[in-house]
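Asks: Encoded as structure tokens, here's the structure I'll be asking about.
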Amino acid sequence: MIYFSTLFISLFVTISLIPLFREAAVRYGFMDMPNERKVHRVPIPKIGGMAMALGSLIPVLLWSVHDRLTISLLLGSTIIVLEGFLDDIHEFGYRLKFSAQLISAFIAIFLGGIKLSMLGVLIPWIPILPDIVAVPLTVLVIVGVTNAINLSDGLDGLAGGITLLSFLCIGYLAYQTGQSEIIVFAVAVSGSIFGFLAFNTHPASVFMGDAGSQLLGYLAITLSIALTQGSQPLSPIMFLILLGFPILDTLTVMCERVARGVSPFKADKNHFHHKLMKIGFKQKEAVLCIYLIQSLLVVCAIRYRYNSEWFFIIIYSLFAGTVISGFHIAGRTGWKIARIDPLDKFVSAMFSVLKKNNAIIKVSFRVIELGLPALLIFTTCMASEIPFYLRLLSIISIFIICLTWLFRKDQLSRVLRLCLYLIIPFLTYLSQNSTLTWMNEPVKNIYSISFLVVFFFIILTVRYTRRQKGFKTTPMDFLILFVALILPSISGGLAFTHQIGLLTVKILIFFFGFEILIGELRDDMTALGISTLLSMLIITVNGFSSL
């Protein structure tokens, strides 16, 4: 329950705060302005990192054991976020940034005990490095990876997606090795990233800024080091695989800048994501390509977590050589990805006819209009025990919805959204962990498959809607499928991966589905309001009948 509570709080806090912070950013001018080295063409609020920080750190404060590790990471993260926020507003330069990163690194080392003191078979004659070597090495790695993630934040959804995959892997490995404090951190950050990506995937309506990207980099590397050092059987250099893509990207870019005779810290458009776009990938395609690469690295880290350090060195060297050589050859030869124009034109023409006749949107929208509320009502009937707080929340929701319907009908969509966002996570958790006796395995499998069916029609709806605002199909769809399908298959059936992974996917499908449904319904909330009230009423009745 503690991991679910952590996930729910981080997700809800982030999703709730971003619209408020975004409005404040627009009002006070906290915007990321377009220029020649940036991809976006309009000013974008860069305040998402503060919402992510609160979404990540609040549940850790509530649920984590306040040991040295937790306190040090909370303190270091706070320094990183505050400096990043100030830099997002005033752009103080790299000196203040490095100073904050160094202070945070020293806090993690001396207060939290996070040190790269064991390198395994890389240097078997020195089992534990002396502090005179371990401390500078750890500082270099923490500061280096923090900046690597910061510099990788160049496309919509890129830095968030990369680190989300890493944090999911960290949480899974921490569960296997029994490191609960690391699990809480990993789940909290994963929830906040999921919430943020709802607003950051292309076309983004908010950026995380330095506050968010540095926070993700700092926590990713410190948790990786804490996970693999000590008595754990995991490889101490596993972070090289978990965070290998942004590390390689940063090192390659800096070496290229030095070779051209410019400062390694001078910003340009030579990162890997820029190179992917130069060879013909669109922005979404470039992000998805990097997601796929990061997914392969994460799966490799999980599959071969007990292998020797030399194995990881060889794997990473082959990976680095392949990526660098591929970009070098493409740059020298001017190679571009081949697109099958006749097939593209045929498919585009076919779908254009369907879209023009509204055939796709009519079918897909009707499925989610009927299927999503039905899925929610079915979910309310599954739980064998309804706790008091959920009964009370349902009664309050019924009361508020009815009052709004009678006196402020123009605000009904906002009230329905808020009530659904509050109820859905608890209800989904209970439906998965406290089910009635008639919910046997075949019924559960059909129930889970129904989410994928609804998700498919959600994608079609947002792809072919005529609305100009709202969610669109994005690379985040891949991240959801990765959690739902790939992680359970590599976990050996462990309960943690199924419960956290599938639970997250179901909650997100509900959230995005109702968000899209509310947008497509415009102001006609009658049917949705009735189905929501029915769901709340079932929760209330089931709760009192189980007493």
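Here, each number is a calculation from the coordinates, and none is a lab measurement. Remember, predicted model here, so these are calculated numbers, not experimental data. All Cβ positions, glycine included, derive from the backbone under ideal geometry; neighbour counts span all protein chains shown.
Asks: Determine, at each q value in 0.07, 0.15 (inverse angstroms), the log₁₀ of I(q)/I(0) that the Debye formula gives when each Cα of the range 2-333 is one equal point scatterer.
Replies: Values returned for q = 0.07, 0.15 Å⁻¹ are -0.26, -1.31.
Asks: Can you work out D for the range 215-266 in µm² s⁻¹ from Stokes-Einstein, where Rh is the Kirkwood radius over C-alpha pairs, the temperature is 25 °C and the viscosity is 0.890 mPa s?
Replies: On the way: Rh = 12.6 Å.
The estimated diffusion coefficient comes to 195 µm²/s.
Asks: For Cα pairs less than 8 Å apart in space and 6+ apart in sequence, what is the mean separation divided by the residue count of the range 2-333, i.e. the relative contact order in percent? Before the final figure, lay out the partial values.
Replies: Details: 493 pairs, mean separation 77.1, N = 332.
With pairs under 8 Å counted, the relative contact order is 23 percent.
Asks: Follow-up. With the cut-off at 31 Å, tell me which of the pairs LYS362/LYS409; LYS282/LYS409; LYS269/LYS362; LYS282/LYS444 have Cα atoms farther apart than that. Write out the running numbers ahead of the final one.
Replies: Numbers: LYS362/LYS409 26 Å; LYS282/LYS409 42 Å; LYS269/LYS362 42 Å; LYS282/LYS444 39 Å.
Over 31 Å apart, Cα to Cα: LYS282/LYS409; LYS269/LYS362; LYS282/LYS444.
Asks: Next question. DSSP loop GluC sites (Glu not before Pro) in the range 1-107 with at most 13 other Cβ atoms within 10 Å of their Cβ, which ones?
Replies: On the way: sites: GLU23, GLU36, GLU83, GLU91; in loops: GLU36, GLU91.
Answer in residue order: GLU36, GLU91.
Asks: Which far-off residues, 5 or more places away or on another chain, put their amide H under 5 Å from the one on ASP32, with H placed in the peptide plane?
Replies: ILE44, LYS46
Asks: Quote the charge dipole size of the range 2-333 about the Cα centre in Debye, to the nearest 20; the model charges only the Cβ of Lys and Arg (+1) and of Asp and Glu (-1).
Replies: On the way: 21 positive and 18 negative charges, 144 e Å.
That gives the range 2-333 a dipole magnitude of about 680 debye.
Asks: Another question, then. With N denoting the number of residues in the range 98-210, provide Rg(C-alpha) divided by 2.2 N^0.38 Å, to two decimal places.
Replies: Values: Rg = 16.5 Å, N = 113, 2.2 N^0.38 = 13.3 Å.
Rounded to two decimals, the normalised Rg is 1.25.
Asks: Along the range 270-275, what does the Karplus equation 6.51 cos²θ - 1.76 cosθ + 1.60 (θ = phi - 60°) give for ³J(HN,Hα), rounded to whole Hz, x for Gly and Pro?
Replies: Karplus-based 3J(HN,Hα) across the range 270-275 equals 10, 5, 4, 5, 5, 5 Hz.
Asks: Sort 507-517, 323-333, 449-459, 234-244 for me by packing, meaning the mean count of neighbouring Cβ atoms within 10 Å per residue, highest on top. It would help to have the intermediate numbers written out before the result.
Replies: Working: 507-517: 21.9, 323-333: 12.8, 449-459: 17.0, 234-244: 24.4.
In descending order of packing, they fall as 234-244, 507-517, 449-459, 323-333.
Asks: Tell me, ILE398, ILE107, ILE132 in order of fewest to most beta-carbon neighbours within 10 Å? Don't skip to the answer; put the middle values down first.
Replies: Values: ILE398 18, ILE107 22, ILE132 8.
Taking fewest neighbouring Cβ atoms as first place, the list is ILE132, ILE398, ILE107.
Asks: Just grab the label-to-label distance for ILE103 and SER450, each label 7 Å out from Cα along the Cβ direction, in nm (one decimal).
Replies: Reported label-point gap for ILE103 and SER450 is 5.3 nm.
Asks: Which ³J(HN,Hα) values in Hz, rounded to whole numbers, follow from the phi angles of the range 286-293 under the Karplus curve 6.51 cos²θ - 1.76 cosθ + 1.60, where θ = phi - 60° and Gly and Pro get x?
Replies: 5, 5, 4, 4, 5, 4, 4, 5
Asks: Which value in nm describes the separation of the simple spin-label points at ARG366 and ILE395, placed 7 Å from the Cα toward the beta carbon?
Replies: Here the modelled spin labels are 4.1 nm apart.
Asks: Report Rg/Rh for the range 220-343, rounded to two decimals, where Rg is the Cα radius of gyration and Rh the Kirkwood radius.
Replies: With Rh from the inverse mean 1/r over Cα pairs, Rg/Rh is 1.03.
Asks: Which order results if CYS289, CYS255 are arranged by neighbouring Cβ count within 10 Å, fewest first? Mind dumping the intermediate values first?
Replies: Working: CYS289 15, CYS255 12.
Ascending Cβ contact count within 10 Å gives the list CYS255, CYS289.
Asks: Could you work out the local net charge near ARG414, counting Lys and Arg as +1, Asp and Glu as -1, over the other residues with Cβ closer than 13 Å to its Cβ? Walk me through the numbers on the way to the answer.
Replies: On the way: positive: ARG408, LYS409, ARG417; negative: ASP410, GLU515, ASP523.
For residues surrounding ARG414, the net value is 0.
Asks: Evaluate the distance, in nm, between pseudo-label points positioned 7 Å from the Cα of ILE132 and of LEU318 along their respective Cα→Cβ axes.
Replies: 3.9 nm
Asks: What list of ³J(HN,Hα) values in whole Hz, one per residue of the range 402-417 in order, does the Karplus curve 6.51 cos²θ - 1.76 cosθ + 1.60 (θ = phi - 60°) give from phi, with Gly and Pro shown as x?
Replies: Going residue by residue, I get 5, 4, 5, 4, 7, 10, 9, 4, 5, 9, 5, 5, 5, 5, 4, 4 Hz, with x marking Gly and Pro.
Asks: For a footprinting-style exposure proxy, rank ASP32, ASP153 by other Cβ within 10 Å, fewest first.
Replies: Values: ASP32 19, ASP153 28.
Arranged by neighbour count, lowest to highest, ASP32, ASP153 become ASP32, ASP153.
Asks: Between the range 192-216 and the range 229-279, how many Å separate their Cα centres?
Replies: The range 192-216 and the range 229-279 have Cα centres spaced 20 Å from each other.
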